Amino acid sequence: VPVAEVEAPDAVGLTAERANCPERERVQQAKADILKAIAHPVRLSIVEMLGKGERCACDICDVFPCDRTTVSKHLAVLRSLGVIEDRKEGLRVLYRLRMTCLLPFLACLEQVVRNGARECECECEREE
């Protein structure tokens, strides 16, 4: 293949053609939406709380100083993106973390923030 026909990879190793693929754009946008959702302190706390186990909506609301309507909206954002899921048990609504893969990521972030580390020093899997 002549050199002129080979595309150079961009900064993340993708060719310009693959980076502009509609499916890739859709996936990248979905990932960005999830990260934006958990970027709010209340939603981040909800994710971490549900990482410890299923909780009733009323218990979740009791943890935060904001009103129940606001917490309910935060739960709706996380649910709409598939981060959490709910089920009814009588009159109670129980929530659980669906994207458990977020927990090691958040634990790593916490360690970096707490220790002022420039890189992850936790036990998470890293590419060598």
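Couple of notes before you dig in:
- Which numbered condition Gln111 fails, given (1) under 29 Å from Ala57 (Cβ atoms); (2) modelled with pLDDT under 90: (1)
- The test for being under 18 Å from the mean Cα position of the chain (by Cα), farther than 18 Å from Cys56 by Cα and modelled with pLDDT of 95 or more holds for Leu102.
- Filtering segment 46-103 to residues that are under 26 Å from Ala32 (Cβ atoms) and among the hydroxyl-bearing types (Ser, Thr, Tyr) leaves Thr70, Ser72, Ser80, Tyr95, Thr100.
- Subset of segment 43-69 [surrounded by 12 or more Cβ atoms within 10 Å (Cβ to Cβ), within 21 Å of the chain's Cα centre (by Cα) and either at positive phi or part of a helix (DSSP H, G or I) (or both)]: Arg43, Leu44, Ser45, Ile46, Val47, Glu48, Met49, Leu50, Ala57, Ile60, Cys61, Val63
- In segment 31-40, the residue that is farthest from Val77 (Cα to Cα) out of those that are exposed (fewer than 12 other Cβ atoms within 10 Å of the Cβ) and small (Gly, Ala, Ser) is Ala32.
- Pick from segment 70-93, criterion open to solvent by less than 80 Å² (accessible area, probe 1.4 Å), assigned to a helix (DSSP H, G or I) and not hydrophobic (A, V, I, L, M, F, W, C), ranking: nearest to Leu106 (Cα to Cα): His74
The values are calculated or read from the model by the stated rules, or taken from the named source; none is laboratory data. Please read these numbers as outputs of a predicted model, since none were measured by experiment. For neighbour counting, all protein chains shown are included, and Cβ atoms are generated from backbone atoms with ideal geometry for every residue, glycine included. Heads up: the accessible areas ignore ligands, DNA and RNA and are worked out on the full protein's heavy atoms, side chains in. Shrake-Rupley method; radii C 1.70, N 1.55, O 1.52, S 1.80 Å.
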